[in-house]
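Down below is the structure, laid out as structure tokens.
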Amino acid sequence: MRTVITILLIVLAHLSATDPPAKSEKKANSLIISSALVPGFGELKLGENRRAKFFGGIELGLWLTVIESNAVMHRSRSKMVSYAAVHAGADLDGKEHQFAVDVANYMSFDEFNEEQQRRRLPSRVYPAEGYDWMWTSEDHREHYWTFLRSRALAEKITLFAVGGMIVNRISSAIDVSYLTKLKDSELSLNFRPLSGEVASTGAEMVITLPF
């Protein structure tokens, strides 16, 4: 969502930096910004209900995806904390996510610290107080991984959905820009007599299309 806000601020800055637009341009810019904030809103204001439902439906689906994915992340984290406490004696509360990953990768606190010392990575060595753990069995450690994978998948889905929101907003804003230009354009068709020697043969058709 930070990216969405940044894009909108850039658009607003660009609009304010240009010459004062005409009334129709102000309305068009307002509709574009509306769709960048709420996809489908600009289309709705223009009477394009089918387009509004399309972009609005996508937005609703993405929001539901984000909400559900975040719920899965929280549930997985809660299961990780309780399961590691019961089967490994690990305290994950208040710890960084990397610690939860290390608990999944090593059977015990001692095994992990010995590995880091062999690799000459003293900064990765955990202190004994508050970071000690030892799995009661390999099966329990493997089962703990299922919670980690579930959380990681939910996090990826959340990022995908947020990316989809950005694309949906940009697409809706572009669509409204296209619609406003289409509605503002006026095609004039008229006939006028031919001049000169061929005037008696008929008339010429003149088509005027403003750009």
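The values are calculated or read from the model by the stated rules, or taken from the named source; none is laboratory data. From a predicted model like this one, the values you see are computed outputs, not experimental measurements. Glycine gets a Cβ as well: all are built from the backbone with ideal geometry, and neighbour counts include every protein chain shown.
Overview of values
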read-out	value
Qualifying residue in the range 103-110 (condition: touching a helix residue (DSSP H, G or I) at 6+ places or on another chain (Cβ under 9 Å), farther than 30 Å from I170 by Cα and not hydrophobic (A, V, I, L, M, F, W, C))	yes
Residues (surrounded by 12 or more Cβ atoms within 10 Å (Cβ to Cβ) and outside any helix (DSSP H, G or I)) located in the range 95-128	K95, Y106, M107, S108, V125, Y126
Hits in the range 129-152 - residues which are without any contact (Cβ under 8 Å) to a residue 12 or more places away in the chain and either outside any helix (DSSP H, G or I) or surrounded by 11 or more Cβ atoms within 10 Å (Cβ to Cβ) (or both)	E129, E142, T146, R149, A152
From S76, S69, S24, residue being part of a helix (DSSP H, G or I), modelled with pLDDT under 90 and among the polar types (S, T, N, Q)	S24
Pair list, Cβ < 6 Å and 6+ apart or interchain, from the range 154-170 residues that are touching a residue at least 60 places away in the same chain (Cβ under 8 Å) to residues that are of a type in the set (S, T, N, Q) and in a helix (DSSP H, G or I)	A154/S69; I157/S69; T158/S69; A161/T65; I166/T3
